[in-house]
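The values are calculated or read from the model by the stated rules, or taken from the named source; none is laboratory data. This structure is a prediction, so every number in the text was calculated from the model and none was measured. All Cβ positions, even for glycine, are placed from backbone atoms using ideal geometry, and neighbour counts span all protein chains on display.
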Amino acid sequence: MKKEELQEKSILKYLIKKSPTTVRKIAEITELSEKTVRGRLDKIDTFLKQNKIGEIRKEPGKGISIIVFEDSKNELDNFLYTNETLITENERVTEKILIYLLTLPKDSFVTQGWLSKKLFLSIPTLRNELSEVKRWCVSHNIELEIVQRKGMRMNGSEYAKRIGIIDLVLANNKNVGKSLLVLCPGLDVEKVKKIIKQVEKNWKIQFSRSSFNKIWIMICLSIYRGRNGKSDEGVPDDYKGIESYNEYNFSESIYQLLSENGYRGFQERDTRLLAMLIIGASKLTWDFELDSNVGAENNKLTDFINHLIISISDVLGVDLRDDQILANDLKEHLKSAIFRMRFGQKNANTMSKQLKSEYSDAFLSVWSTSQLFEQYFDIQITEDEISFIVLYVEAALMRRKKTVKAILCSNLGRSQSFFVAELIKKNIPAISEIEIIRENNFNRPVPDDVKVVLSNTGVPSSNVIPISPIPTRADFNLISQSIDDEAQQTTTEFYFTK
């Protein structure tokens, strides 16, 4: 679900619980600007009215309230607590226009007059909607071509068009089966689904639900568009050697089983299109080695990852070159990510904003490698893909943080001292063990395996970290900084005895 959709549902839930309220209060709760909240409220109001669920009411002196019609409460609850998303009639019109244009037969045009009658729209309204259509096309590597005296059509590769249709079907979590019956009339889409599942089982592969649906839609489009002359020639050929991937062999197996079940007319191009989609898909189970058949292309990816890790290490000032787990994780992820970025497949990361804020150093280190992506693969890395790589980098940094032992010098009672020690370990996982000593035992070298010495007694030593009797957040921050400080790795020079 997109960020905007989550925000809209959050606002709706808040209105149901706290009506009447104010724009300012909603902005504070959702961490949005008041301007953004007003826009979201207008969209929610339009949605409620168009679906005859209720309305947003604004009353001077009282604030903003939500009015839900009595017989629509269950419908609203179902909407709020499922993956359905808020969509207005204007957005539905844009989708309908896109579907009409994307499913036109090869070399066919449609006029604005015909389309306006088909959708019961005035010509001015249709022209306004076409502005949204053009924006959508740009994000999908498709051009809305308008030819005088002929009309308009979608101009782009067959792959781009199919990905566009897939995105439209999956938008707003529609019922995929029902959508396919509309897109591919006469096709037994459930039978196609069973065949895909059979090949999935034979190969011991499991795709995520979203990826499976994309594959299902792609194959149904291959059958229907090929059968009805709607399929265009042209497959992106800027990625050579796709036939060497196991995903290509898997795609061949699907089309072979489809042929055995009476489906005909497939081309090698269909196998390539499906393989390209599967390479970028999310696989829950995939038992084949990444580099089993990819030859020189895999060597290029390996070389790229080595440069990527070196560059990230230089920016962070932390050497990650020996972390084989990081290298393998990046290899597995980037194989799909590069295809997604090259061929316009979107893979939203809902954590992007949080990662950018909380792990800014790692985010900056990955962002600084953008030129490497252009140099090796002629692609521009997206912020979402940067965020995915940040997760792998942060995991690698966590692996580097070895646990340390600490000493706590305390004159508090036994129970109080043990409580403080456990509180410190709870808030600072890097400390695995704390030995408690008394101030009068402080007179011999600290063992080499002890890296942190704490005291709540006021021991006068530059190597001791002073803390409060009951440590505060400031104390925890000071201890954490000291652990991370390279100076803490040198031998300490204070003394104690047992």
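To keep it simple, each residue is scored yes or no on (1) surrounded by fewer than 21 Cβ atoms within 10 Å (Cβ to Cβ); (2) in the same structural domain as Asp314 (by TED's automatic domain parsing).
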position	(1), (2)
Tyr359	yes, yes
Ser365	no, yes
Ser368	yes, yes
Phe419	yes, no
Asn427	yes, no
Ile431	no, no
Glu435	yes, no
Pro445	yes, no
Val453	no, no
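Would a scan of the stretch 252-271 turn up a residue that is closer than 17 Å to Ser336 by Cβ, assigned to a helix (DSSP H, G or I) and at pLDDT 85 or above? Looking through the stretch 252-271, none of the residues is closer than 17 Å to Ser336 by Cβ, assigned to a helix (DSSP H, G or I) and at pLDDT 85 or above. Evaluate the following for Lys174: is it within 23 Å of Arg340 (Cβ to Cβ) and at pLDDT below 85? Yes; evaluated as a whole, the condition is true for this residue. Under the condition of being at pLDDT below 85 and among the aliphatic types (A, V, I, L, M), the residues counted in the stretch 383-404 number 2.
Only residues that are in a helix (DSSP H, G or I) and either over 19 Å from Arg225 (Cα atoms) or more than 23 Å from the chain's Cα centre (by Cα) (or both) were counted in the stretch 124-169, giving 17.
Considering the stretch 423-452, the residues that are in a helix (DSSP H, G or I) and in contact with a strand residue (DSSP E or B) (Cβ under 8 Å, 6 or more places away or on another chain) include one that is farthest from Ser480 (Cα to Cα), namely Glu439. Within the stretch 132-154, identify whether any single residue is closer than 14 Å to Tyr100 by Cα, touching a Phe, Trp or Tyr at 6+ places or on another chain (Cβ under 8 Å) and small (Gly, Ala, Ser), and answer yes or no. Scanning the stretch 132-154 turns up at least one residue that is closer than 14 Å to Tyr100 by Cα, touching a Phe, Trp or Tyr at 6+ places or on another chain (Cβ under 8 Å) and small (Gly, Ala, Ser). Residues that are outside any helix (DSSP H, G or I) and in contact (Cβ under 8 Å) with a residue 12 or more places away in the chain were ranked within the stretch 187-222; the one that is nearest to Leu104 (Cα to Cα) is Leu187. Among the residues of the stretch 465-498, what is the count of those that are at pLDDT below 85, of a type outside the set (Gly, Ala, Ser) and either under 26 Å from Arg400 (Cβ atoms) or part of a loop (DSSP other than H, G, I, E, B) (or both)? Counting residues in the stretch 465-498 that are at pLDDT below 85, of a type outside the set (Gly, Ala, Ser) and either under 26 Å from Arg400 (Cβ atoms) or part of a loop (DSSP other than H, G, I, E, B) (or both) gives 15.
Scanning the stretch 408-421 turns up no residue that is of a type in the set (A, V, I, L, M) and farther than 22 Å from Ser482 by Cβ. With respect to the conditions (1) surrounded by 16 or more Cβ atoms within 10 Å (Cβ to Cβ); (2) free of Cβ contacts under 8 Å to residues at least 40 places away in the same chain, Gly113 lacks only one, and its number is (1). Being without any contact (Cβ under 8 Å) to a residue 60 or more places away in the chain, part of a strand (DSSP E or B) and either in the same structural domain as Thr457 (by TED's automatic domain parsing) or under 16 Å from Ala327 (Cα atoms) (or both) holds for only one residue in Leu412, Leu408, Leu391, and it is Leu408.
Which one is modelled with the highest pLDDT among residues in the stretch 230-251 that are small (Gly, Ala, Ser) and under 18 Å from Ile163 (Cα atoms)? Spell out the reasoning first.
Restricting attention to the stretch 230-251, the residues satisfying the condition of being small (Gly, Ala, Ser) are 231, 234, 241, 244, 251.
Then keep just the ones that are under 18 Å from Ile163 (Cα atoms); that gives 231, 234, 251.
On the way: Ser231: 57, Gly234: 53, Ser251: 90.
So the residue we want is Ser251.
Among the residues of the stretch 167-174, are any more than 24 Å from Ile279 (Cβ to Cβ), in the same structural domain as Arg209 (by TED's automatic domain parsing) and without any contact (Cβ under 8 Å) to a residue 60 or more places away in the chain? There is at least one residue in the stretch 167-174 that is more than 24 Å from Ile279 (Cβ to Cβ), in the same structural domain as Arg209 (by TED's automatic domain parsing) and without any contact (Cβ under 8 Å) to a residue 60 or more places away in the chain.
Within the stretch 32-53, residues that are among the hydroxyl-bearing types (Ser, Thr, Tyr) sit with their Cβ atoms under 9 Å from residues that are buried (at least 16 other Cβ atoms within 10 Å of the Cβ) and in a helix (DSSP H, G or I), at 6+ positions apart or across chains, in these pairs: Ser33/Ala27; Thr36/Gln7; Thr36/Ala27; Thr36/Thr30. Identify the single condition in (1) surrounded by 21 or more Cβ atoms within 10 Å (Cβ to Cβ); (2) in the same structural domain as His333 (by TED's automatic domain parsing) that Leu372 does not satisfy, given that it satisfies every other one. Among (1) surrounded by 21 or more Cβ atoms within 10 Å (Cβ to Cβ); (2) in the same structural domain as His333 (by TED's automatic domain parsing), Leu372 violates only (1). The combined condition, being surrounded by 16 or more Cβ atoms within 10 Å (Cβ to Cβ), within 12 Å of the chain's Cα centre (by Cα) and closer than 30 Å to Arg272 by Cβ, is not fulfilled by Asp329.
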